[in-house]
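Q: One structure follows; several queries about it will come next.
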């Protein structure tokens, strides 16, 4: 779904994944990015889990998806705030790539560049 060019096919794949209620939010923020890219923010919203029963990772994914959606809606100040919060969460539950992407979304380019370079993800930095 992340590389699927056909929006309908990508959306159908996300819909299918979202039907698995027994898996604690198996989706990562890249799925939300794909949903936004294919003009389906409604699907991205369904990824968000913030209740106390959700795993730590699921709540962090939810925080990141909220930032992605705010950015997609053009709410730059809110997106910056949410990306900053999400970046802090990803430091607490280490996922360096996602932390770097959130820092990038928050406009903290130097910090993001350091992380992304350490991961060999210069292409992501260049694309931003």
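Laboratory data are not the source of any read-out in this text; all were calculated from the coordinates shown. Given the structure is predicted, the values throughout are model-derived calculations rather than measurements. Cβ placement follows ideal geometry from the backbone for every residue including glycine, while neighbour counts extend to all protein chains displayed.
Q: Once the Cβ-Cβ distance between residue 20 and residue 45 is put in as r, and R0 is 22 Å, what FRET efficiency do you end up with, to the nearest 0.05? Mind showing how you got there, number by number?
A: On the way: r = 17 Å, r/R0 = 0.79.
With a Förster radius of 22 Å, E is 0.80.
Q: Classify segment 40-122 as rounded, prolate or oblate from the Cα gyration tensor: take a ≥ b ≥ c as the square roots of its eigenvalues, call it rounded if a/c is under 1.5, otherwise prolate when a/b beats b/c and oblate if not.
A: On the way: a/c = 2.00, a/b = 1.30, b/c = 1.54.
Oblate shape, in that a/c is at least 1.5 and b/c is the bigger or equal ratio.
Q: Now for a separate question. For the chain, what does the helix formula give at 222 nm: sum of -39500 (n - 2.57) over DSSP H segments with n ≥ 4, over the residue count, nearest 500 deg cm²/dmol?
A: Working: 8 runs with 86 residues, N = 128.
About -20000 deg cm²/dmol.
Q: For the chain, take the longest principal axis of its alpha carbons; what is the angle in degrees between that and the long axis of helix 76-92, to the nearest 10 within 0 to 90?
A: Taking the Cα atoms of the chain, the angle to 76-92 is about 90 degrees.
Q: May I pose another question? Say we join alpha carbon atoms closer than 10 Å with springs in a Gaussian network model of the chain; which of 103, 116, 17 then has the biggest fluctuation?
A: It is 17.
Q: With axes computed from alpha carbons, what is the tilt in degrees of helix 56-72 against the longest principal axis of the chain, rounded to the nearest 10 within 0 to 90?
A: For 56-72 against the chain, the angle is about 80 degrees.
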